[in-house]
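To keep things clear, I will list the structure first and then write my remarks on it.
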Amino acid sequence: MFHDIPRAIEERMRCLVSMDEKDRLDGTPAARRLRQIPPETGKFIALLAATAPQGTYLEIGTSAGYSTLWLTLACREVGRKLVTFEVLEEKARLAEETFKAAGVEEFVKLVAGDAREHLYAYKGISFCFLDAEKEVYHDCYEKTVPNLVRGGLLVADNASTHKEVLTPMLDRALSDERVDALIVPIGSGVLVCRKL
């Protein structure tokens, strides 16, 4: 999976990393920045997705599609498709450009809109990556966990760096008897929940 990343994906990843670095340095307002995961988190979520049971793959919070590209590596490996949600039109357009430039359109379905308005329609979820505005995490968690298949994974970024705002959701996940959960100290901290 990591030894044969297609050149188009690698090039688009480098482009997005460069855009993200520029955003962080030039004072771009937080809501407009790409705010991407680091590469080690990308590899981690791709490994998790590649080992998830049969079912639907979801991503909540596409941004420009950097994390999506990591997840498409898993999709290519196991023959699945990822449904990804982005609420901001500007970022959804940029994500579409990313998927076209990287040649991964066959592995991704982009839904422009608030995932919370669509999650009810997705049953049999085997993998969900959550990296959106932190205020929606708890609601997304509660709407996703009931629809996870046995052994399905819900993975949420920023569990360490945004712990204060995420505490209610993190406490819920870590004590939720429907899942086994832990926070992995990689990148910004990653909550991993496995449905029992």
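Points worth noting:
- Our summary gives the chain a relative contact order of 19 percent, counting only alpha carbon pairs under 8 angstrom and 6 or more residues apart.
- Given their separation in residues at 0.36 nm each and the Cα-Cα distance between them, Val184 and Glu40 gain 50.6 nm when the chain is fully extended.
- Distance-filtered residues of region 13-37 - backbone nitrogen under 14 Å, label point 7 angstrom along Glu133 Cα→Cβ: 30-33
- Only aspartates and glutamates eight or more places from Lys91 in sequence, or on another chain, were considered; those with a Cα closer than 17 Å are Asp20, Glu21, Asp23, Glu59, Glu105, Asp114, Asp131, Glu133.
- Surface calculation, 1.4 Å probe, protein heavy atoms: Glu11 sits at approximately 90 Å² accessible.
- Label point 7 Å beyond Cα of Leu25 along Cβ direction - residues of region 57-96 with amide nitrogen under 18 Å: none
- Separation in nanometres of the label points that stand 7 Å from Cα toward Cβ, at His118 and Glu11: 2.8 nm
- Region 1-107: relative contact order in percent, alpha carbon pairs under 8 Å with at least 6 residues between: 32 percent
- Per-residue [θ]222 nm for the chain (sum of -39500 (n - 2.57) over DSSP H runs n ≥ 4, rounded to 500): -13000 deg cm²/dmol
- For region 61-118 and region 172-192, distance of Cα centres in Å: 24 Å
- Between Glu106 and Leu47, the simple spin-label model (points 7 angstrom out along Cα→Cβ) gives 2.8 nm.
- Between Ala101, Ala50, Ala173, the Gaussian network model of the chain with springs among Cα atoms under 10 angstrom shows the greatest mean-square fluctuation at Ala101.
The values are calculated or read from the model by the stated rules, or taken from the named source; none is laboratory data. Model, not experiment: these values are computed from the prediction. FYI the Cβ positions are ideal-geometry reconstructions off the backbone, even for glycines, and counts take in every protein chain you see. Just the protein is used for accessible areas: all its heavy atoms, side chains included, with ligands, DNA and RNA removed. Shrake-Rupley method; radii C 1.70, N 1.55, O 1.52, S 1.80 Å.
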